[in-house]
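Okay, so here's the structure we're looking at.
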Amino acid sequence: MNGKTHTSPSAIYPGSFDPLTLGHLDVIERAAAIFPRVLVAVVVNPQKREPLFTLEERKQMIVAATKHLTNIEVRDFRGLLADFAKATGAGVIVKGLRVVSDFENEMSTALMNRSLSGIDTMFVPSDPMYSFVSSSLVKEVFSLGGEIDPYVPEAVLHVMRAKRASQRSTEPSEEKHPS
Ligand code: PNS
């Protein structure tokens with residue numbers, strides 16, 4: 001021992017979470033078992049496209065689905081992840097990898113984030129059970145009437161069903177045409 005005190009760094013797990021899937025939750029649970037504190041960082045404006053869920057809905061679903069974990073915090077951020085991670089004092093960025101092709105993009109992102117902030121990225125391989133589960137596929141299956149119970153936490157299922165119900169109630173009813 002060199003006499004220095006070693007403290008484990010806290011982790012930051014960033015994403016769009018539109019919505020949180022069981023694959024995301026698995027990564028959060030595994031990170032929470034390794035690090036003393038895990039900050040789930042929800043990006044305000046996802047780059048892909050307009051989110052289906054509002055920022056508050058996305059955050060609330062994560063809070064509800066991680067109730068059983070005591071070392072999780074959920075916050076939103078805008079701008080560069082590197083800046084936000086540095087401001088929070090995070091020691092490491094956690095990213096899940098679902099398939100080998102994810103690695104290509106995530107590798108350069110990790111190097112850029114380290115170059116910008118000095119913070120390294122730890123990759124968590126997805127549980128094979130969830131390697132095909134993504135937020136966009138879940139939304140597509142759901143919008144076409146498919147069952148999404150095996151892919152999202154209970155809390156997300158409730159919010160999605162409520163959203164569908166409220167969309168249905170505001171849809172114009174079909175006009176009857178005289179035959
Ligand atoms: O769940 P997603 O959509 O794959 O998450 C992507 C996210 C939010 C992690 C990524 O888009 C991000 O870090 N956005 C913040 C902007 C940023 O820092 N861009 C430069 C990355 S090198």
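Here, each number is a calculation from the coordinates, and none is a lab measurement. All values reported here derive from a predicted model rather than from experimental measurement. Cβ atoms come from the backbone with ideal geometry, glycine included; neighbour counts cover every protein chain shown.
A Förster radius of 35 Å combined with the Cβ-Cβ distance from S131 to A33 puts the calculated FRET efficiency at roughly 0.95. For the range 156-169, putting each phi into the Karplus relation 6.51 cos²θ - 1.76 cosθ + 1.60 with θ = phi - 60° gives couplings of 6, 4, 4, 5, 5, 5, 5, 5, 5, 4, 6, 5, 5, 6 Hz, in residue order, rounded to whole numbers and with x for Gly and Pro. With respect to the chain, whose longest principal axis is taken over its alpha-carbon atoms, helix 22-34 is tilted by about 20°.
If a spin label sat at a point 7 angstrom from the Cα of R78 along the line to its beta carbon, the backbone N atoms of the range 24-50 nearer than 18 Å would be those of 41-50.
Placing unit charges on the Cβ atoms only, positive for Lys and Arg and negative for Asp and Glu, gives the chain a dipole magnitude near 460 debye about its Cα centre.
Taking the 0 to 90 degree range and rounding to the nearest ten, how far is the long axis of helix 55-65 tilted relative to the main principal axis of the chain, both from C-alpha atoms? Relative to the chain, helix 55-65 is tipped by roughly 70 degrees. With a bin width of 5 angstrom, please list the P(r) values of the range 11-170 as percents of all Cα-Cα pairs, from the 0 bin to the one holding the largest distance. All Cα pairs considered, the percentages come to 1, 9, 18, 22, 22, 15, 7, 4, 1, 0. Spin-label pair T70-E140: with each label point 7 Å from Cα along the Cα-Cβ axis, the two points sit 4.2 nm from one another. For the chain, adding -39500 (n - 2.57) for each run of n ≥ 4 DSSP H residues and dividing by the number of residues yields -13500 deg cm²/dmol at 222 nm.
Taking all Cα pairs closer than 8 Å and separated by 6 or more residues, the relative contact order of the range 3-138 comes to 31 percent.
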